[in-house]
Amino acid sequence: MDKFILDRNNSILVIVDIQDKLAVVMKHKQRVTDNCLHLIEAAKLLNIPILVTEQYPKGLGQTVKEIKEAVPHYEPLEKVTFDCCRGDGFLEKIASLRKTHIILTGMETHVCVLQTCLGLLEKGYFVHLVSDAACSRKKDDFLSGRELMRDAGAVITCTETVLFQLLEKAGTPEFVTIVKRIK
């Protein structure tokens, strides 16, 4: 059961390649961005580390403005590999945080998000793909990527499930802040 339970003290939020030139061609860009912003707010409130990656920013641009401005420290890990785990410094950064659960979001589900998920699973991490905070240009590609991740052992979840697992209970100041955001 450990893989299914998110704990604020044992989780990292990873935002993969939600960049200007990639996002502009995504049908669900706004939904993905909004849900990432909810997750970022919760991560900030609950002291959950946030990692942002950028695939070849020279060609695809930087992280979209809304996310860039929301993260506490915008220090993206730049890469040219599709699997973040094969990029410089990514696995070292994850390991240094000493957490076991990865909350995974990003673009595109069937390419960089999938390959990163597989790399993290291979290294022994528990991965929660937040399916409404990830997308691909084509629906079939999204569905294929999501199914492959589930088959490989990732937990497929959604933004509100993640938020309420991390919050654990109602009535806290963090709960009030998050509920106002998602209404």
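FYI, it's all coordinate maths here, none of it is from the lab. It should be emphasised that the depicted structure is a prediction, and the values quoted were computed from it without experimental measurement. Because the Cβ atoms are built from the backbone with ideal geometry, glycine has one as well, and the counts that use them run over all protein chains shown.
Tell me the residue from 179, 162, 113 that is free of Cβ contacts under 8 Å to residues at least 12 places away in the same chain and either in a helix (DSSP H, G or I) or aromatic (Phe, Trp, Tyr) (or both), please.
Testing whether each residue is free of Cβ contacts under 8 Å to residues at least 12 places away in the same chain and either in a helix (DSSP H, G or I) or aromatic (Phe, Trp, Tyr) (or both) leaves just 179.
How do the pairs read when you match residues in region 84-109 that are without any contact (Cβ under 8 Å) to a residue 60 or more places away in the chain and in a helix (DSSP H, G or I) with residues anywhere that are surrounded by fewer than 23 Cβ atoms within 10 Å (Cβ to Cβ) and among the charged types (D, E, K, R), using Cβ under 8 Å and keeping only pairs 6 or more apart or on different chains?
85/122; 85/123; 91/123; 109/141; 109/146
So is residue 39 in contact (Cβ under 8 Å) with a residue 24 or more places away in the chain, farther than 27 Å from residue 124 by Cα and either among the basic types (Lys, Arg) or in a helix (DSSP H, G or I) (or both) or not?
For residue 39, the condition - in contact (Cβ under 8 Å) with a residue 24 or more places away in the chain, farther than 27 Å from residue 124 by Cα and either among the basic types (Lys, Arg) or in a helix (DSSP H, G or I) (or both) - is not met.
Given the criteria surrounded by 14 or more Cβ atoms within 10 Å (Cβ to Cβ), farther than 14 Å from residue 106 by Cβ and of a type in the set (Ser, Thr, Tyr), does residue 172 qualify?
no
Restricting region 116-141 to residues that are crowded, with 22+ Cβ neighbours inside 10 Å and assigned to a helix (DSSP H, G or I), which is farthest from the chain's Cα centre (by Cα)?
Once the filter is applied, the top-ranked residue is 120.
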